[in-house]
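Working notes, structure below.
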Amino acid sequence: MAQGMSAVATLSATAGNTAAGTVTFTQKGDKVTVVAKVSGLSPGAHGFHVHEKGDCSSGDGMSAGGHFNPTGKPHGDPNAPDHHAGDMPMLVADASGNASLTAELSPMTVGAGTTDIIGKAVIVHKDPDDYKTQPTGNSGARVACGIIKKS
């Protein structure tokens with residue numbers, strides 16, 4: 001595993017939205033440290049995932065495809081034993097629409113193996129993730145998209 005390898009996604013708003021920010025991913029041992037700073041959100045919780053295609057070309061973010069799930073697991077809470085490699089904790093925006101998150105996640109990896117996230121997309125959703133509905137968590141529309149690039 002490439003220790004300390006990192007990647008970054010610069011988030012841009014999808015059509016009709018104002019969300020923007022950055023998400024960095026750093027490999028630390030068998031976990032990836034994710035640090036997100038996002039603005040322009042509605043106050044409250046927002047689903048937050050790595051999606052399978054590094055494509056933010058469609059106005060609605062749907063070109064990024066479904067959740068990144070190379071291990072064929074059900075969608076779920078990233079703290080639960082079974083979840084997509086791309087499942088991440090929710091972003092929670094304050095009254096001003098700003099959200100920050102720092103989390104250590106697995107099984108995603110940066111730069112190696114089947115769970116490598118480089119070249120995939122990060123999506124921020126309009127609604128909270130219920131961590132139950134398959135395969136999406138019922139998180140609603142995609143309000144921001146960014147492609148993960150090696151940094």
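The values are calculated or read from the model by the stated rules, or taken from the named source; none is laboratory data. Predicted model, so just to flag it, every value in this text is computed and none were measured. With ideal geometry, Cβ positions are generated from the backbone for all residues, glycine too; neighbour counts draw on all protein chains shown.
Restricting segment 111-151 to residues that are within 17 Å of L91 (Cα to Cα) and acidic (D, E) leaves a set whose member that is nearest to the chain's Cα centre (by Cα) is D129. Restricting S100, S139, S96 to residues that are at pLDDT 95 or above, farther than 19 Å from S6 by Cα, touching a strand residue (DSSP E or B) at 6+ places or on another chain (Cβ under 6 Å) and of a type outside the set (A, V, I, L, M) narrows the list to S139. Only one of the listed residues (M62, M90, M108) is of a type outside the set (G, A, S), under 13 Å from the mean Cα position of the chain (by Cα) and either surrounded by fewer than 20 Cβ atoms within 10 Å (Cβ to Cβ) or farther than 20 Å from G21 by Cα (or both). That residue is M108. Taken over segment 114-132, the criterion of being without any contact (Cβ under 8 Å) to a residue 60 or more places away in the chain and of a type outside the set (K, R) is satisfied by T114, T115, D116, D130, Y131. Name the residue that is nearest to K28 (Cα to Cα), counting only residues in segment 95-105 that are surrounded by 15 or more Cβ atoms within 10 Å (Cβ to Cβ) and hydrophobic (A, V, I, L, M, F, W, C). Per the criteria, the residue is L105.
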